[in-house]
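This report refers to the structure that appears directly beneath it.
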Amino acid sequence: RQAAQLFLERGDQLRALDALRGYAGLNDLDPEAHIRVAEVAESLGKKEAAAQAFARAGELLRAGHPDRARELLERAHALAPSDARVAQALAALLFEGGDPRRTAELLEPFAAEAVPERHRLLADAHLATGNLARAEELLWEIPPGFPEAHQSLLRVVEGFLRTRNTERALSLLRRLKK
């Protein structure tokens, strides 16, 4: 940390970034260390490195400080919008905060990648917004080893029943039975 401070005072941001990365590696559970890495990386134009560090800090702050975590994850996503891991971390936080529509918007560009946990979150977001057909489609793409997918499919059945789409609900139940 002291080395990083000395490098920053001398205007050597590259070496400061290396020192800060080392410090953050030694103090991986310290969100402020990751934020400092992110800020220096961002000032150097290293968007991907900054995004990863902001995302790590956001993940660490998620449980105790969800507003600050959201701010950091939004910042990470703005720096690296094509990073699926960052988008998923932000989407999970948004979904927990009651924003399924934005969750779906964030994750839909990554739907072609069959990542079970991401698919389940995206399907749950579509289920919450009433897009039952898309939720069903995504859940069938999850491998059978994930029982959460079957539970979510049962919630899709319930959704079809609530919307009085009995035929679709029965069709899905028959498919589930197989």
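The values are calculated or read from the model by the stated rules, or taken from the named source; none is laboratory data. What you see is a predicted model, and the numbers here were worked out from it, not measured in a lab. Cβ placement follows ideal geometry from the backbone for every residue including glycine, while neighbour counts extend to all protein chains displayed. Side chains are part of the model used for accessible areas, which takes the heavy atoms of the whole protein and leaves out ligands, DNA and RNA. Shrake-Rupley method; radii C 1.70, N 1.55, O 1.52, S 1.80 Å.
Based on Cα contacts under 8 Å between residues 6+ apart, the chain shows a relative contact order of 10 percent. Net charge of the neighbourhood of residue 134, taken over other residues with C-beta under 15 Å away and scored Lys/Arg +1, Asp/Glu -1, is -1.
When the charge dipole of the chain is built from unit charges on Cβ atoms (+1 for Lys and Arg, -1 for Asp and Glu) and taken about the Cα centre, the candidate among 64, 45, 153 whose Cα reaches farthest toward its positive end is 153. For region 105-157, the list of trypsin sites (Lys or Arg not before Pro) that fall in a loop by DSSP and count at most 10 other C-beta atoms within 10 angstrom is empty. With protein chains left intact and a 1.4 Å probe, residues in the chain average 55 Å² of accessible area per residue.
From most to least packed by mean Cβ count within 10 Å, the peptides 25-31, 127-133, 55-61 give 55-61, 127-133, 25-31. Note on region 1-144: semi-axes of the ellipsoid equivalent to its C-alpha gyration tensor, largest first and rounded to whole Å, are 35, 14, 12. Charged neighbours of residue 13, selected by a Cβ distance under 13 Å, balance to 0 (K, R count +1; D, E count -1).
A straight Cα-to-Cα reach below 16 Å connects residue 46 with the aspartates and glutamates 12, 18, 83, residues fewer than 8 places away in its own chain not being considered. Surface composition of the chain: carbon plus sulfur atoms contribute 51% of the solvent-accessible area (1.4 Å probe, protein chains only, all chains present).
Have a look at 19, 41, 33 and tell me which one the Gaussian network model of the chain (Cα, springs below 10 Å) gives the largest fluctuation. It is 19.
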